[in-house]
Amino acid sequence: MRLQDKVAIVTGAGRNIGEQTALLFTDEGAKVSVVDMDEERGKRTVETINQSHPGSAIYISADVSNEQSVKDMIAETVNTFGRLDVLVNNVAISDNKTVFECSLDDFNKVLAVTLTSQFLTSKYAAEQMISQGDGGSIVNIGSTSGFQGRESAIAYAAAKGGVANLMRGLAVQLAPHKIRVNAVVPNKIGSPVGQEDFDPTRPVPNLAGRAGEPRELAQAVLFMASDESRFVYGENLVVDGGFSAMM
Ligand SMILES: NC(=O)c1ccc[n+]([C@@H]2O[C@H](COP(=O)([O-])OP(=O)(O)OC[C@H]3O[C@@H](n4cnc5c(N)ncnc54)[C@H](O)[C@@H]3O)[C@@H](O)[C@H]2O)c1
C-alpha cells in the first residue's frame, strides 16, 4: 500500500486520467477528495470508489480557477479527512484553436483553468501541508504540448509550457518545507482533453502504436505522489508511448 493513511486531492477526477488516479490512490490506501465542476461525473467516481473502499472518497464541487473555491476545497478536505498529504493538479481545458481563431477571452480562460489553477491549488495546499509539519507531494499534470509548437491549441500549449516551469519554481520554493513538486507529462491518453468518447481509430503517432490507457498514466502519478519517488524533485516524467522520442 503506497499511500496508506495519506489524504489526497485529485482535481478533475470525474473522468479519464483524474478518475483513474483517484481509483488507484484509494486502491493504495489513500483517502481522496474527488474534485470536479461536473457534479454528475464527480459523484459517479465517488460511487465507484465506495463500492470497493467504503468511506474512502468524497465529492467536492469546485472551480479550480476560482480562489475562494480552491480555499473551500482544501478546508472541506481537512474537515473530512483531518489533513492533506498529496495534491494532483489534473484539470485542464483546451482551446483547439489557431492564434487567429483564439480570442483574448478564450486565451485568458484556458490560462485560468489550465495554469493559474495550479498556482492557486498548490499555494493553498502547500500552506496546509506546512501547517502539518511533515511535508507532502504535489503532482502537476502537464502535456507534451508544453514542449512543442502545435498547429492548433495555441492557448493550451502556452498554458502547458507555463505548467512545466511553474512546477520547477514550486519545487524550489517548497523543498525547504519537505514538499516535493513534480509533473507527469502525457500524450494521447484515453479520450482527448475535454471529450468523453474514446475513438480507437484516432491516429496515434508513437512507438507503442496505440493510445495510452488512463490507468497507465495514473500509475506514473502514483509513483510521483508516493515515497517511491522520494529523491525526485522538479522533474517532468513523460508518459507518452514514445511520442517525444520521435520528435
Ligand atoms: N487525454 C489526453 O490525451 C491528454 C494528453 C496530454 C495531456 N493531458 C492532460 O491530462 C489531464 C487530464 O486530461 P483528461 O483528458 O483526463 O481531461 P478530461 O477533459 O477528460 O477531464 C477533465 C475534468 O476536469 C473537469 N474540469 C474542467 N474544468 C474544471 C474546473 N475549472 N474546475 C474543476 N473541474 C474542472 C471536467 O469536468 C472533467 O471532468 C489534463 O491536465 C490534460 O491537459 C491529457
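A short reminder: the numbers here are calculations on the coordinates, not readings from a lab. Computed from a predicted structure; not experimentally measured. Here the Cβ is made from the backbone with ideal geometry for all residues, glycine too, and neighbour counts use every protein chain on show.
State the extension gain, in nm to one decimal, for the chain segment bounded by Gln219 and Ala175, taking 0.36 nm per residue of separation less the distance between their alpha-carbons.
Length gained between Gln219 and Ala175: 13.5 nm.
Converting phi to 3J(HN,Hα) with the Karplus coefficients 6.51, -1.76 and 1.60 and the offset θ = phi - 60°, region 118-127 yields 5, 5, 5, 5, 5, 4, 7, 5, 5, 4 Hz in sequence order, with x at every glycine or proline. Full extension of the segment from Met246 to Phe198, taken as 0.36 nm per residue of separation minus the current Cα-Cα distance, would add 14.9 nm. Dipole check for region 60-174: with +1 at the C-beta of Lys and Arg, -1 at the C-beta of Asp and Glu, and the Cα centre as origin, the magnitude is about 280 Debye. The string of couplings for region 184-201 from the Karplus curve (6.51, -1.76, 1.60, θ = phi - 60°) is 10, 10, x, 8, 6, 10, x, 7, x, 3, x, 10, 8, 9, 8, 9, x, 8 Hz, one whole number per residue in order, with x for Gly and Pro. Under a 5 Å amide H cut-off, with hydrogens placed 1.01 Å from N, Gly136 pairs with Ile179, Arg180 among residues at least 5 apart or on other chains.
Between Asp5 and Glu127, the contour length at 0.36 nm per residue exceeds the Cα-Cα span by 41.9 nm. Counting beta carbons within 10 Å around each of His177, His53 and listing the fewest first gives the order His177, His53.
Of all the C-alpha pairs in region 171-224, what % are more than 13 Å from each other? Pairs farther apart than 13 Å: 67 percent.
For region 1-56, the Cα-based Rg and Dmax, in that order, read 9.9, 30 Å. Amide H contacts of Leu237 (H built 1.01 Å from N, in plane; Pro and chain starts excluded): Ala183, Val184, Val185 sit under 5 Å, all sequence-distant by 5 or more or on other chains. Counted by Cβ distance under 14 Å from Gln173, the other residues give a net charge of +3, where Lys and Arg count +1 and Asp and Glu count -1. Comparing Phe147, Phe198, Phe25 in a Gaussian network model of the chain (Cα springs below 10 Å), the most mobile by mean-square fluctuation is Phe198.
Under a point-charge model restricted to the Cβ atoms of Lys and Arg (+1) and Asp and Glu (-1), what is the dipole moment magnitude of the chain relative to its Cα centre, in debye to the nearest 20? Present the calculation step by step, with values, prior to reporting the outcome.
Values: 22 positive and 30 negative charges, 116 e Å.
Rounded to the nearest 20 debye, it is 560 debye.
Dipole size of region 138-247 about its Cα centre, with +1 on Lys/Arg Cβ and -1 on Asp/Glu Cβ: approximately 320 debye, rounded to the nearest 20.
Across the chain, Cα pairs under 8 Å and at least six residues apart give a relative contact order of 19 percent.
Note that region 56-65 has calculated 3J(HN,Hα) couplings of 8, 9, 10, 9, 10, 7, 8, 9, 6, 8 Hz, one per residue in order, obtained from phi through the Karplus relation 6.51 cos²θ - 1.76 cosθ + 1.60 (θ = phi - 60°); glycine and proline are x.
Per residue of the chain, what 222 nm ellipticity follows from adding -39500 (n - 2.57) for every DSSP H run with n ≥ 4, rounded to the nearest 500? All intermediate terms of the calculation are to be shown ahead of the outcome.
Numbers: 7 runs with 98 residues, N = 247.
For the chain, the value works out to -13000 deg cm²/dmol.
Cα centroids of region 197-232 and region 11-90: 20 Å apart. The radius of gyration of the Cα set in the chain, together with its Dmax, comes out at 16.8, 49 angstrom. Springs between alpha-carbon atoms under 10 Å, Gaussian network over the chain: tell me which of Met224, Met73, Met37 tops the mean-square fluctuations. Most flexible of the set in this elastic network: Met37.
Please order Val78, Val70, Val10, Val221 by the number of other Cβ within 10 Å, starting at the fewest.
Working: Val78 16, Val70 24, Val10 35, Val221 29.
Fewest-to-most Cβ neighbours within 10 Å comes out as Val78, Val70, Val221, Val10.
Candidates Tyr233, Gly42, Gly161 compared by Cα position along the dipole of the chain: farthest toward the positive end lies Tyr233, with charges placed on Cβ.
Report the local net charge at His53: Lys and Arg +1, Asp and Glu -1, summed over other residues whose C-beta lies under 14 Å from its C-beta. Don't skip to the answer; put the middle values down first.
Values: positive: Lys6, Lys31; negative: Asp5, Asp27, Glu28, Glu47.
Net charge in that neighbourhood comes out at -2.
Look at the dipole of the chain built from charges on Cβ: of Gln51, Leu207, Phe81, the Cα furthest out on the positive end belongs to Leu207. Taking only Cα atoms and a 10 Å spring cutoff, compute GNM fluctuations for the chain and point out the largest among Leu84, Leu217, Leu237. Sorting by GNM fluctuation, first place goes to Leu237.
Site pair Glu151 and Val232 shows an inter-label distance of 3.3 nm when each label is modelled 7 Å from Cα along Cα→Cβ.
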